[in-house]
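A short reminder: the numbers here are calculations on the coordinates, not readings from a lab. It should be emphasised that the depicted structure is a prediction, and the values quoted were computed from it without experimental measurement. When we count neighbours, we look across all protein chains shown, and the Cβ atoms used for this are built from the backbone with ideal geometry, even at glycine.
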Amino acid sequence: MRITARKRLGHFMLDVDVEVGDRFLVVGPNGSGKSTLLKCMASVYTGCGGGRWLYVPPEPQLPRRARVREVAETYARVLGVEPEWDLFGVDYLNRRVGELSSGMAKRVVLAIAFSAKLPLALDEPTAFLDERWRRRLVELLRERTPAAVATHDPELIFSLPDWDAVVLEEGRARYVGKAEGLRGLAAYRCGKGPAEAQGDGGAGGYV
């Protein structure tokens with residue numbers, strides 16, 4: 001499918017036009033435009049080529065005084081979804097959001113998102129998750145389509161080698177190809193660019 005997005009935010013300009021499969025990763029250093037691209041895809045930002053993707057931010061944004069069950073009722077009305085809590089082991093429906101750890105709150109959000117019948121635009125989905133739930137996330141992602149995941153987590157990227165990958169730098173796509181064709185991704189965790197994270201010569205390449 002074709003992903004096209006153009007958005008100016010202050011001095012930053014996102015300008016992306018790429019062909020990818022229906023499951024792809026968006027990789028790049030901080031400030032490269034990963035979140036902006038997902039928000040454009042999900043129409044969080046208007047006028048930049050959006051669609052009916054469900055954007056899931058890195059940090060859970062839930063009302064702290066509400067009980068988890070009340071949050072579920074709200075999303076059920078808005079998204080028309082009945083959350084499948086067992087997807088992420090959410091067995092604390094009567095607790096208030098403010099009583100939860102960040103990881104527990106993130107599992108609430110992910111359970112709701114993966115229950116929805118919409119394409120998912122997940123922004124740093126492994127944030128706040130421990131190893132057990134990171135593995136569960138990967139299992140569900142392997143079954144999910146369509147899905148777009150913005151991440152700088154090499155472990156997640158290497159867990160999805162057959163997904164397409166788009167590497168962004170300063171709002172532009174510098175690499176489009178398979179995730180398995182990337183090396184040196186740890187460079188991105190240090191805020192470095194594609195020159196220090198070259199492809200291995202597989203499908204795709206820098207543009």
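Place +1 on the Cβ of every Lys and Arg and -1 on the Cβ of every Asp and Glu in the chain, take the dipole about the Cα centre, and give the residue among Trp53, Thr126, Pro63 whose Cα lies farthest towards its positive end.
Pro63
Could you state the per residue volume, in Å³, of the convex hull enclosing the Cα atoms of the range 2-184?
Residue-normalised Cα hull volume stands at 116 Å³.
So what's the net charge close to Asp17: Lys and Arg +1, Asp and Glu -1, counting the other residues with Cβ under 14 Å from its Cβ?
Summing Lys/Arg as +1 and Asp/Glu as -1 gives +3.
If I take every Cα pair under 8 Å that is 6 or more residues apart in the range 2-184, average their sequence separation and divide by the length, what percent do I get for the relative contact order?
30 percent.
Arrange the peptides 9-17, 34-42 so that the one whose residues have, on average, the most other Cβ atoms within 10 Å appears first.
34-42, 9-17
Helix check for the chain. Which DSSP H runs span at least 18 Å along their own axis by Cα, with a mean Kyte-Doolittle hydropathy no less than 1.0?
Flagged H segments are 102-115.
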